[in-house]
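Scroll down for the structure; my scribbles are underneath it.
The values are calculated or read from the model by the stated rules, or taken from the named source; none is laboratory data. Just so it is clear, the model here is predicted, and its values are computed rather than measured. Counting neighbours? That spans all protein chains shown, and the Cβs are built from the backbone with ideal geometry, glycine included.
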Amino acid sequence: MSRILIVEDERKIARFLELELQHEGYEVDTAGDGRTGLEKALSWKPDLMILDLMLPELSGIEVCRRLRHESDLPIIMLTAKDDVSDKVMGLDMGADDYMTKPFAIEELLARIRVGLKKHRATAAPASSVITAGKLALDPAKYAVTMDGQPIALTKKEFDLLKYLMEHRGQAVTRDALLSDVWGYDYAGDTNVVDVYIRYLRHKIDEPYGLKTIHTIRAVGYMFSYE
Ligand code: CA
């Protein structure tokens with residue numbers, strides 16, 4: 001039975017979600033503030049977390065950021081506002097998905113199923129370390145090193161680099177990156193890919209005088225390590 005943690009300070013919403021999820025057969029726990037939510041996420045070890053953005057004690061963004069240092073637990077963020085910067089910030093901090101309140105419970109349930117399935121799919125095989133020159137990426141440990149020195153990446157940066165390294169020497173389109181790395185439709189907005197490519201270059205290439213992530217004009221990007 002999958003465990004779901006609900007972190008939401010609005011009691012009515014938390015209770016409603018708890019009942020709906022229990023009805024679906026999930027084991028459910030709740031937390032009413034960010035600090036308790038973070039503690040429960042680490043101690044109770046849920047399979048997925050539903051995380052409200054506006055929380056007392058610690059904001060949802062902060063919970064996400066801290067949790068990502070220790071766990072790749074799937075996170076579905078709840079946001080009260082239809083605010084793009086909040087969503088981008090949440091996704092940036094490692095949330096996997098988001099829903100804007102008010103939402104239809106059926107849609108949330110569908111996204112929970114997707115989140116759980118994706119997590120199982122990525123967690124299942126202990127994939128081996130991918131290397132390119134001095135760069136090494138370990139999917140099992142979520143770790144990247146350059147010449148043995150760790151490089152801190154966010155979850156999305158990690159996923160993006162992993163995808164690029166797995167497709168080494170192949171041009172990959174922005175659309176392919178969006179659907180395979182982000183996993184859902186950004187309503188055609190591929191700018192987020194360019195933004196993350198910039199982050200990656202800043203961490204992987206620039207400090208080491210390397211050029212591993214190449215822009216392929218009118219197509220997308222390609223990873224190669226000469
Ligand atoms: Ca709230």
Return the only residue of ALA132, ALA140 being modelled with pLDDT under 90 and either hydrophobic (A, V, I, L, M, F, W, C) or more than 18 Å from the chain's Cα centre (by Cα) (or both). ALA140
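Go through the stretch 36-57 residue by residue and tally those that are surrounded by fewer than 16 Cβ atoms within 10 Å (Cβ to Cβ), part of a helix (DSSP H, G or I) and within 16 Å of the ligand (Cβ to nearest atom).
0
For (1) closer than 18 Å to ILE4 by Cβ; (2) modelled with pLDDT under 85; (3) of a type in the set (Val, Ile, Thr), each residue gets a yes or a no:
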{"position": "ILE61", "(1), (2), (3)": "no, no, yes"}
{"position": "LEU67", "(1), (2), (3)": "yes, no, no"}
{"position": "GLU70", "(1), (2), (3)": "no, yes, no"}
{"position": "ASP92", "(1), (2), (3)": "no, yes, no"}
{"position": "GLU106", "(1), (2), (3)": "yes, no, no"}
{"position": "ALA110", "(1), (2), (3)": "yes, no, no"}
Given the condition at pLDDT below 95, surrounded by 14 or more Cβ atoms within 10 Å (Cβ to Cβ) and not basic (Lys, Arg), answer yes or no: does some residue in the stretch 212-219 qualify? no
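Counting just the residues of the stretch 16-28 that are under 14 Å from ILE105 (Cα atoms) and touching a strand residue (DSSP E or B) at 6+ places or on another chain (Cβ under 8 Å), which one comes out surrounded by the fewest Cβ atoms within 10 Å (Cβ to Cβ)?
Initially, the stretch 16-28 is screened for residues under 14 Å from ILE105 (Cα atoms), giving 16-24.
Next, only the ones that are touching a strand residue (DSSP E or B) at 6+ places or on another chain (Cβ under 8 Å) stay: 17-18, 21-22.
Working: LEU17: 20, GLU18: 17, LEU21: 23, GLN22: 12.
Once the filter is applied, the top-ranked residue is GLN22.
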Criterion (of a type in the set (Gly, Ala, Ser), within 13 Å of the chain's Cα centre (by Cα), within 14 Å of the ligand (Cβ to nearest atom) and surrounded by 15 or more Cβ atoms within 10 Å (Cβ to Cβ)) met by exactly one of GLY90, GLY94: GLY90
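Take the stretch 1-29 and flag every residue that is within 13 Å of the ligand (Cβ to nearest atom) and part of a strand (DSSP E or B). Talk me through it step by step, then tell me what you get.
Going residue by residue through the stretch 1-29, those that are within 13 Å of the ligand (Cβ to nearest atom) are 6-14, 17.
Those that are within 13 Å of the ligand (Cβ to nearest atom) and part of a strand (DSSP E or B): ILE6, VAL7.
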Could you list, in sequence order, the residues of the stretch 58-83 that are outside any helix (DSSP H, G or I), charged (D, E, K, R) and away from the ligand (no atom under 13 Å from the Cβ)? ARG68, GLU70, ASP72, ASP82, ASP83
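For (1) on the phi < 0 side of the Ramachandran plot; (2) β-branched (Val, Ile, Thr); (3) surrounded by 14 or more Cβ atoms within 10 Å (Cβ to Cβ), each residue gets a yes or a no:
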position	(1), (2), (3)
ALA104	yes, no, no
GLU107	yes, no, no
LEU137	yes, no, yes
PRO150	yes, no, no
THR173	yes, yes, yes
Any residue in the stretch 23-35 that's closer than 26 Å to GLU62 by Cα: show its pairings with residues that are loosely packed, with under 15 Cβ neighbours inside 10 Å and among the hydrophobic types (A, V, I, L, M, F, W, C) at Cβ separation under 6 Å, as long as the two are six or more apart or on different chains. GLU27/MET1; ASP29/TRP44
